[in-house]
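S.K.: Starting off with a structure, shown below.
Taken together, the values in this text are just the output of simple stated rules run on the coordinates, not laboratory data. If you're wondering where the values come from, they're calculated on a predicted model, not measured in any experiment. Ideal geometry is used to build each Cβ from the backbone, glycine not excepted, and the neighbour counts take in all protein chains shown.
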């Protein structure tokens, strides 16, 4: 399950794939259901459906505009595991990219202090001379 937590006034919303898109519902509001071809469309549609639930919720239209959703996106277990692995890999790649940039900046500064040109420093580090200029501050 994928969960997105948000602050302030919250309400749980559940998304389930239905073959042609997404079925979405609010468990706390009886009969509040909608659908969408994408998660984004389902999100918009459930907010509109919630605004119409005056019998279940006073001031439904106003609440629907300001409410923050706590989203539970249900996908098959194997898909969930694949998504989790992909997100972890992406997070690790971003961390490694930040470390590579930090290391490249250190190397570029050392090369520049040794008298090498921007172009030569870039050649040695596999970066453009413009990037060397950026990461060394000029």
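S.K.: Looking at the square roots a ≥ b ≥ c of the eigenvalues of the Cα gyration tensor of the chain, which shape do they give, rounded for a/c under 1.5, prolate if a/b is larger than b/c, or oblate? The partial results should precede the final answer.
M.R.: Numbers: a/c = 4.22, a/b = 2.84, b/c = 1.48.
Here the chain falls in the prolate category.
S.K.: Working out 0.36 nm times the residue gap between residue 79 and residue 103, then minus their Cα-Cα distance, what length gain in nm do you get to one decimal? All intermediate terms of the calculation are to be shown ahead of the outcome.
M.R.: Working: separation 24, 0.36 × 24 = 8.64 nm, distance 3.57 nm.
Result: 5.1 nm gained on full extension.
S.K.: In what sequence do 50, 118 fall when counting other Cβ within 10 Å, fewest first?
M.R.: Working: 50 23, 118 19.
By the 10 Å Cβ count, ascending: 118, 50.
S.K.: How would region 90-136 be classified by its alpha-carbon gyration tensor: rounded, prolate or oblate, with rounded meaning a/c under 1.5 and the a/b versus b/c comparison settling the rest?
M.R.: Working: a/c = 2.94, a/b = 2.22, b/c = 1.32.
Cα axes put region 90-136 in the prolate bin.
S.K.: Run lengths n ≥ 4 of DSSP H only: what is the helix-derived mean residue ellipticity at 222 nm for the chain, with -39500 (n - 2.57) per run over all residues, to the nearest 500? Write out the running numbers ahead of the final one.
M.R.: Working: 5 runs with 73 residues, N = 138.
Mean residue ellipticity at 222 nm (helix-derived): -17000 deg cm²/dmol.
S.K.: Most mobile of 114, 105, 64 per a Gaussian network model of the chain (Cα springs, under 10 Å)?
M.R.: Residue with maximal mean-square fluctuation among 114, 105, 64: 114.
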